[in-house]
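Peer 1: Please find one structure pasted underneath; my questions will follow.
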Ligand code: F6R
């Protein structure tokens with residue numbers, strides 16, 4: 001959702017802001033803007049609805065003031081209060097105060113009334129602009145910028161982060177994190193950079209500070225200082241050295257980030273495995289000691305809570321935790337769970353799964369559950385994200401930055417994390433049972449790489465099927481057992497990036513209603529590798545075939561019986577433990593959706609209406 005960048009230093013601010021906003025585009029936005037301080041201390045604002053290119057055009061050719069500016073702020077807005085118009089785009093000006101904002105000011109109506117009564121005239125429909133007037137009034141009464149921001153910020157209700165400048169103090173940029181994340185770093189050449197995530201900062205340094213909830217940062221040409229928002233006292237925040245490299249932020253020769261990220265899955269799986277295994281141990285599934293392990297080991301039942309693709313990751317996790325660790329597991333949609341009255345038993349543990357670590361519903365569940373003293377864990381891909389604050393302990397996947405809005409490698413690394421946790425618990429409860437699984441798991445990333453590299457078999461089969469089926473009026477993805485969550489994920493991928501209607505179903509459920517939809521304009525994608533469920537799935541397939549649907553099969557190479565039933569066939573020739581088949585099925589459904597989306601000409605990396613991290617309810 002909204003992206004924030006701020007810079008003060010010695011380099012050209014506007015190009016840094018534009019480049020930073022480009023890095024944040026993946027979060028989803030519908031308008032953007034920058035503000036920069038001219039040599040005379042005045043602030044100029046340039047903003048527009050639509051894509052970032054619109055403001056790039058407006059800023060071209062650059063004037064002298066723009067070229068010389070070394071301080072400024074920039075924003076990409078994902079509309080919540082007010083339409084995505086130029087007027088509502090950030091930065092907003094209130095007199096000499098200029099600001100950008102991410103979050104929702106929940107008491108904005110009451111603040112708006114007060115501000116209008118004081119004689120101010122807000123120009124936009126946003127809640128954000130109101131904060132500027134509050135700061136302005138404090139500065140007019142004699143306070144400095146940082147103190148004014150501090151004093152007024154405490155009046156805001158809801159989760160909000162802001163970055164503010166003033167023409168009265170043109171050498172200062174003040175930021176507050178109180179909800180949505182804010183990352184800051186000293187520019188090694190002098191000055192500082194602030195952003196909603198680390199990606200715009202990696203160009204300058206890998207040493208970043210993830211501000212904590214309730215931190216206020218003052219950035220000047222001399223660097224950053226962090227203060228406690230409430231007490232105003234200086235606080236010491238340790239910096240984190242990121243292992244993400246800047247080349248991960250480029251497309252690396254691929255036409256889309258999503259495709260690149262699909263192909264990065266083998267590396268991401270290895271990194272995730274290495275990130276959690278105890279490297280000194282040769283015993284399968286021995287995980288490095290960390291606070292989360294203890295909580296997990298004491299659990300007698302687990303609630304997995306997530307949204308979207310992460311929810312499907314959790315569904316897959318349930319199969320493994322039940323099968324391998326014999327752990328009772330409940331899988332819950334965060335948006336439902338948070339408003340239910342769930343029953344917890346002694347030993348219940350709640351795990352929130354969120355690749356971004358910022359999903360509002362998932363965070364709200366953890367916050368609520370933790371307040372009742374139920375132990376909580378998180379699984380995320382983003383160090384420093386809000387889930388780290390909301391859960392008692394967090395397990396990190398190591399997918400690296402994922403820029404395509406549609407989750408790909410962040411999903412498969414969640415699967416890897418669930419397998420590692422399941423294996424660890426199973427090892428404790430059933431020593432010996434997991435050895436075979438582990439030895440296949442060690443080879444898994446290599447096998448996934450081989451599958452992806454199989455241009456003439458696997459990849460060609462997918463692109464031919466995509467070409468033939470792209471114009472189907474609808475798709476059903478079906479599977480049983482380990483393949484069922486991947487069927488759901490396949491349908492979601494197709495919907496979100498190709499805008500094609502698709503549904504995922506447990507294969508055994510089709511005859512309970514959806515089969516009425518089946519006719520020759522419908523494609524059924526059947527996920528049926530050779531496993532304990534394959535024969536049952538094939539029977540379900542016969543039922544839809546008899547009713548004229550086109551069938552695309554994804555199964556084990558050499559399964560001629562199944563292949564003959566299918567109109568199109570994607571073979572998986574890698575053989576492995578049946579628990580690990582989801583790691584091969586997933587790239588198949590990802591690439592199928594990708595190819596269909598490209599054929600439909602959609603914006604694959606930034607599908608319409610979607611945001612990478614959903615920070616509102
Ligand atoms: C789909 C997708 C979304 C997210 C969902 C939850 O490709 O990415 O469905 O999975 O918005 O996001 P996180 O995992 O960040 O909580």
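Peer 1: Within region 316-332, which residues are within 16 Å of the ligand (Cβ to nearest atom) and over 19 Å from residue 577 (Cβ atoms)? Outline the logic, then answer.
Peer 2: Our first condition is that a residue be within 16 Å of the ligand (Cβ to nearest atom); within region 316-332, this holds for 316-317, 331-332.
Within region 316-332, 331, 332 qualify.
Peer 1: Could you please find all residues in region 555-614 being farther than 19 Å from residue 308 by Cβ, crowded, with 22+ Cβ neighbours inside 10 Å and in contact with a strand residue (DSSP E or B) (Cβ under 7 Å, 6 or more places away or on another chain)?
Peer 2: 555, 562, 566, 570, 572, 584, 588
Peer 1: Test residue 331 against the criterion of being under 20 Å from the mean Cα position of the chain (by Cα), free of Cβ contacts under 8 Å to residues at least 40 places away in the same chain, in a strand (DSSP E or B) and surrounded by 15 or more Cβ atoms within 10 Å (Cβ to Cβ), and give yes or no.
Peer 2: Working: under 20 Å from the mean Cα position of the chain (by Cα): yes; free of Cβ contacts under 8 Å to residues at least 40 places away in the same chain: yes; in a strand (DSSP E or B): yes; surrounded by 15 or more Cβ atoms within 10 Å (Cβ to Cβ): yes.
Judged against the criteria, residue 331 is a match.
This table checks each residue for (1) farther than 30 Å from residue 453 by Cα; (2) surrounded by 17 or more Cβ atoms within 10 Å (Cβ to Cβ); (3) touching a strand residue (DSSP E or B) at 6+ places or on another chain (Cβ under 7 Å).
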| position | (1), (2), (3) |
| --- | --- |
| 262 | no, yes, no |
| 265 | no, yes, no |
| 276 | no, yes, yes |
| 291 | yes, no, yes |
| 300 | yes, no, no |
| 306 | yes, yes, yes |
| 316 | no, yes, no |
| 337 | yes, yes, yes |
| 344 | yes, no, no |
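Peer 1: Based on this model, can you work out whether residue 297 counts as closer than 24 Å to residue 438 by Cβ, within 16 Å of the ligand (Cβ to nearest atom), in the same structural domain as residue 426 (by TED's automatic domain parsing) and in contact (Cβ under 8 Å) with a residue 24 or more places away in the chain? First the steps, then the outcome.
Peer 2: Working: closer than 24 Å to residue 438 by Cβ: yes; within 16 Å of the ligand (Cβ to nearest atom): no; in the same structural domain as residue 426 (by TED's automatic domain parsing): yes; in contact (Cβ under 8 Å) with a residue 24 or more places away in the chain: yes.
No: the conditions fail for residue 297.
Peer 1: Determine, yes or no, whether residue 364 is modelled with pLDDT of 90 or more and surrounded by fewer than 24 Cβ atoms within 10 Å (Cβ to Cβ). Let's see the steps before the verdict.
Peer 2: Numbers: modelled with pLDDT of 90 or more: yes; surrounded by fewer than 24 Cβ atoms within 10 Å (Cβ to Cβ): yes.
So residue 364 passes the test.
Peer 1: May I pose another question? Out of everything in region 443-492 that is free of Cβ contacts under 8 Å to residues at least 24 places away in the same chain and away from the ligand (no atom under 16 Å from the Cβ), what residue ends up being farthest from residue 567 (Cα to Cα)? Working first, answer last.
Peer 2: Initially, region 443-492 is screened for residues free of Cβ contacts under 8 Å to residues at least 24 places away in the same chain, giving 453, 455-456, 460, 471, 491.
Narrowing the set further to residues that are away from the ligand (no atom under 16 Å from the Cβ) leaves 453, 455-456, 460, 471.
Details: 453: 24, 455: 20, 456: 18, 460: 15, 471: 15 Å.
The extreme case among them is 453.
Peer 1: Kindly establish whether residue 158 is within 26 Å of the chain's Cα centre (by Cα), surrounded by fewer than 24 Cβ atoms within 10 Å (Cβ to Cβ), closer than 21 Å to residue 77 by Cα and assigned by TED's automatic domain parsing to the domain that holds residue 217.
Peer 2: Details: within 26 Å of the chain's Cα centre (by Cα): yes; surrounded by fewer than 24 Cβ atoms within 10 Å (Cβ to Cβ): yes; closer than 21 Å to residue 77 by Cα: yes; assigned by TED's automatic domain parsing to the domain that holds residue 217: yes.
Here the answer is yes, as residue 158 does meet what is asked.
Peer 1: Taking region 362-392 as the region of interest, how many residues are touching a strand residue (DSSP E or B) at 6+ places or on another chain (Cβ under 8 Å), over 21 Å from residue 271 (Cβ atoms) and within 14 Å of the ligand (Cβ to nearest atom)?
Peer 2: Qualifying residue count, region 362-392: 6.
Peer 1: Let me ask something else. Might you let me know whether region 464-482 holds any residue that is surrounded by 13 or more Cβ atoms within 10 Å (Cβ to Cβ), under 30 Å from residue 279 (Cβ atoms), in the same structural domain as residue 523 (by TED's automatic domain parsing) and modelled with pLDDT of 95 or more?
Peer 2: yes
Peer 1: Within region 533-546, is even one residue in a loop (DSSP other than H, G, I, E, B) and under 30 Å from residue 269 (Cα atoms)? Before the answer, list the steps.
Peer 2: The first filter runs over region 533-546 and keeps only residues in a loop (DSSP other than H, G, I, E, B), leaving 533, 546.
Then drop every residue that is not under 30 Å from residue 269 (Cα atoms), which leaves 533.
Yes, region 533-546 has at least one match.
Peer 1: From the list 591, 580, 610, which residue is more than 18 Å from residue 403 (Cβ to Cβ), touching a helix residue (DSSP H, G or I) at 6+ places or on another chain (Cβ under 7 Å) and either within 14 Å of the ligand (Cβ to nearest atom) or modelled with pLDDT of 90 or more (or both)?
Peer 2: Numbers: 591 fails: more than 18 Å from residue 403 (Cβ to Cβ); 610 fails: more than 18 Å from residue 403 (Cβ to Cβ).
Within the list 591, 580, 610, the selection yields 580.
Peer 1: Criterion first (assigned to a helix (DSSP H, G or I) and either closer than 30 Å to residue 206 by Cα or over 17 Å from the mean Cα position of the chain (by Cα) (or both)) does residue 373 satisfy it? Walk me through it before giving the result.
Peer 2: Details: assigned to a helix (DSSP H, G or I): no; either closer than 30 Å to residue 206 by Cα or over 17 Å from the mean Cα position of the chain (by Cα) (or both): yes.
No: the conditions fail for residue 373.
Peer 1: A further question on this structure: Looking at region 46-70 only, could you name the residues that are outside any helix (DSSP H, G or I) and surrounded by fewer than 17 Cβ atoms within 10 Å (Cβ to Cβ)? Talk me through it step by step, then tell me what you get.
Peer 2: Here is the first cut: in region 46-70, the residues outside any helix (DSSP H, G or I) are 46-51, 59-63, 69-70.
50, 60, 61, 62, 63, listed by residue number.
Peer 1: Another question, then. Kindly indicate whether any position in region 346-360 is at pLDDT 95 or above, away from the ligand (no atom under 12 Å from the Cβ) and in a helix (DSSP H, G or I).
Peer 2: No, there is no match, as no residue in region 346-360 is at pLDDT 95 or above, away from the ligand (no atom under 12 Å from the Cβ) and in a helix (DSSP H, G or I).
Peer 1: Something else: Answer with yes or no whether residue 105 is modelled with pLDDT of 90 or more, within 27 Å of the chain's Cα centre (by Cα) and not in a helix (DSSP H, G or I). Outline the logic, then answer.
Peer 2: On the way: modelled with pLDDT of 90 or more: no; within 27 Å of the chain's Cα centre (by Cα): yes; not in a helix (DSSP H, G or I): yes.
Against the criterion (modelled with pLDDT of 90 or more, within 27 Å of the chain's Cα centre (by Cα) and not in a helix (DSSP H, G or I)), residue 105 does not qualify.
Peer 1: Same structure, new question: For region 14-44, which positions are over 25 Å from residue 407 (Cβ atoms), in contact with a helix residue (DSSP H, G or I) (Cβ under 7 Å, 6 or more places away or on another chain) and assigned to a strand (DSSP E or B)?
Peer 2: Scanning region 14-44 gives 33, 34, 36, 44.
The values are calculated or read from the model by the stated rules, or taken from the named source; none is laboratory data. Since the structure is predicted, the reported quantities are computational estimates derived from the model, not experimental observations. Counting neighbours? That spans all protein chains shown, and the Cβs are built from the backbone with ideal geometry, glycine included.
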